[in-house]
Amino acid sequence: MNATIETIMSRRSIRSYQDRPIPEEDLQQIIECGIYAPSSRNKQEWHLTVITNKEKIDEVNKMAIEGMVRFGINVDEGAHIFYHAPCVIVLSSKIGGFSEVNIGCVIENIAIAAKSLGYGSCIIGQTRYLYHKAVKIDIDRILKIPEGFEHDLAICLGYPKGKAPAAKPRREKVVDYIY
Ligand SMILES: Cc1cc2nc3c(=O)[nH]c(=O)nc-3n(C[C@H](O)[C@H](O)[C@H](O)COP(=O)(O)O)c2cc1C
């Protein structure tokens, strides 16, 4: 197994983090890998909001949890959608086209780059609950999402705490071959 395949195969969603920041140089490299993702017609119509301020991360968490509760989702006391990770990257894309697919490419690059450098990550879709009330404009302003762009997903990153979980079993019979 080469190093790239080893990294892909050993990546897991990490839901527990050490309380220490990712060094700036590593963070920049991870971000760079994100934006080196392929994109439909090379439009690169994505936007990344990198949050490393603990209070801001907690604030976004609180707003998302508020949204989840409004949607009738049972949220455990003290739950944190970013698992107290020291870094959260919020991804947005220009509305239309293959925007979500492009973001999928960016986020996976980020997860793999982070893993290759020894960091854990977890993709977070629950940030969509931020948009629970008609205040899109406020959330977009807080998250610095450009006009005409829409939030897709977030990813939290940091030094993992504890042992990574085992790989989840894969669904079978998902591949057909045409020879
Ligand atoms: C689009 C997407 C949204 C996700 N949203 C969340 C989330 O909000 N919270 C969370 O803990 N994990 C989230 N995950 C992580 C998945 O639960 C995880 O990838 C899956 O259980 C497989 O585990 P693994 O990543 O360790 O292989 C998300 C993953 C994807 C691809």
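Only the coordinates and a few stated rules stand behind these numbers; no lab work does. The shown structure was predicted, so the numbers you read here are calculated from the model rather than taken from an experiment. Every residue, glycine as well, gets a Cβ built from its backbone with ideal geometry; the counts of neighbours run over all protein chains shown.
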*So Ile89 clears everything in (1) touching a residue at least 60 places away in the same chain (Cβ under 8 Å); (2) crowded, with 23+ Cβ neighbours inside 10 Å; (3) outside any loop (DSSP other than H, G, I, E, B); (4) within 13 Å of the ligand (Cβ to nearest atom) except one condition, right? Which one?*
(4)
*asked:* So, Ala114, is that one of a type in the set (Gly, Ala, Ser), at negative phi and surrounded by fewer than 18 Cβ atoms within 10 Å (Cβ to Cβ) or not?
replied: no
*Condition check for Gly120: in contact (Cβ under 8 Å) with a residue 40 or more places away in the chain and crowded, with 22+ Cβ neighbours inside 10 Å*: yes
*When residues of the range 33-81 are filtered for being within 16 Å of the ligand (Cβ to nearest atom), free of Cβ contacts under 8 Å to residues at least 12 places away in the same chain and of a type outside the set (Val, Ile, Thr), how many remain?*
4
*Quick one: what pairs do we get from the range 163-179, first residue assigned to a loop (DSSP other than H, G, I, E, B), second surrounded by 10 or more Cβ atoms within 10 Å (Cβ to Cβ) and basic (Lys, Arg), C-beta under 9 Å, 6+ apart or different chains?*
Ala164/Arg11; Ala164/Arg12; Pro165/Arg12; Pro165/Arg15; Ala166/Arg12; Ala167/Arg12; Lys168/Arg12
*What are the pairs, 6+ residues apart or on separate chains, where a residue within the range 145-160 that is of a type in the set (Phe, Trp, Tyr) has its Cβ under 6 Å from a residue that is within 13 Å of the ligand (Cβ to nearest atom)?*
none
*Within the bounds of the range 98-119, is there any residue that is assigned to a helix (DSSP H, G or I), of a type in the set (Ser, Thr, Tyr), more than 15 Å from Lys56 (Cβ to Cβ) and touching a Gly at 6+ places or on another chain (Cβ under 8 Å)?*
no
_Checking the structure you have, find out if any residue of the range 8-19 is away from the ligand (no atom under 14 Å from the Cβ) and crowded, with 16+ Cβ neighbours inside 10 Å._
no
